[in-house]
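The values are calculated or read from the model by the stated rules, or taken from the named source; none is laboratory data. The shown structure was predicted, so the numbers you read here are calculated from the model rather than taken from an experiment. Please note: Cβ atoms are built from the backbone with ideal geometry, for glycine as well, and neighbour counts cover all protein chains shown. Note: accessible area is taken over every heavy atom of the protein model, side chains too, but ligands, DNA and RNA are not part of it. Shrake-Rupley method; radii C 1.70, N 1.55, O 1.52, S 1.80 Å.
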Amino acid sequence: MTDPTNLAPTESRDVTLLNGRSVSIDFHNIVRNQVVERLPALTPGVDYTTEQICGADFWPLLSDGECRLAGMVLKDLSLRGLVPLVLVEWAHEYPLKFRLI
């Protein structure tokens, strides 16, 4: 698992997401690494929330704001094709759901 014990940014650089929101490069990398590490455990064709993808060991360590931001980062990664996940359209806007492709 990605070490979530130090979520404080150590660099001043930010990543601009497709929605225009800026996030620290450190947080972005932590979420991306956590997602990539957990991809082998996902089943193709099954819908997952960001919480399920990030995992039960990682998710509780995030604040509410960081949980929302993690969802934005995952959405950005999927829309850019940087992870093999697609955003799933469903009856509700939240929580975001993703499917392994």
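Before I look further, what does the chain give for accessible area per residue, probe 1.4 Å, in whole square angstrom?
Result: 58 Å² of accessible area for each residue.
What angle do you read, to the nearest 10 degrees and between 0 and 90, between the alpha-carbon axis of helix 25-38 and the longest principal axis of the chain?
For 25-38 against the chain, the angle is about 40 degrees.
Let me check I've understood the local charge: for Phe98, count other residues with C-beta under 9 angstrom from its C-beta, Lys and Arg +1, Asp and Glu -1. What total comes out?
Here the charged neighbours net out to +2.
Using r as the Cβ-Cβ distance of Asn33 and Tyr94, and R0 as 35 Å, what FRET efficiency do you calculate, to the nearest 0.05?
Between Asn33 and Tyr94 the formula returns 0.90.
Take Val31, Val15, Val36 and sort them by solvent-accessible surface of the protein heavy atoms, 1.4 Å probe, largest at the top.
Sorted descending by solvent-accessible area, the residues read Val36, Val15, Val31.
Pop out the ³J(HN,Hα) list for the range 13-20 in order, Karplus 6.51 cos²θ - 1.76 cosθ + 1.60 with θ = phi - 60°, rounded to Hz; leave Gly and Pro as x.
Once rounded to whole Hz, the list reads 6, 10, 10, 9, 6, 4, 7, x.
Computing the accessible area with a 1.4 Å probe over protein heavy atoms, can you report the carbon and sulfur percentage for the range 38-101?
Roughly 54 percent of what the probe reaches on the range 38-101 is carbon or sulfur.
Which trypsin sites (Lys or Arg not before Pro) from the range 56-101 combine a DSSP loop assignment with at most 15 other Cβ atoms within 10 Å?
Counting only loop positions with at most 15 other Cβ atoms within 10 Å, the trypsin sites (Lys or Arg not before Pro) in the range 56-101 are Arg80.
Summing -39500 (n - 2.57) over the DSSP H runs of n ≥ 4 in the chain and dividing by its residue number, what mean residue ellipticity at 222 nm do you reach, to the nearest 500 deg cm²/dmol?
That calculation yields -10500 deg cm²/dmol at 222 nm.
Between Leu18 and Val86, what length comes free when the chain is fully extended (0.36 nm per residue of separation minus the Cα-Cα distance, one decimal in nm)?
23.0 nm is the gain from fully extending Leu18 to Val86.
Filter the GluC sites (Glu not before Pro) in the range 17-101 to those in DSSP coil with at most 11 other Cβ atoms within 10 Å of their Cβ, and list the result.
Counting only loop positions with at most 11 other Cβ atoms within 10 Å, the GluC sites (Glu not before Pro) in the range 17-101 are Glu89, Glu93.
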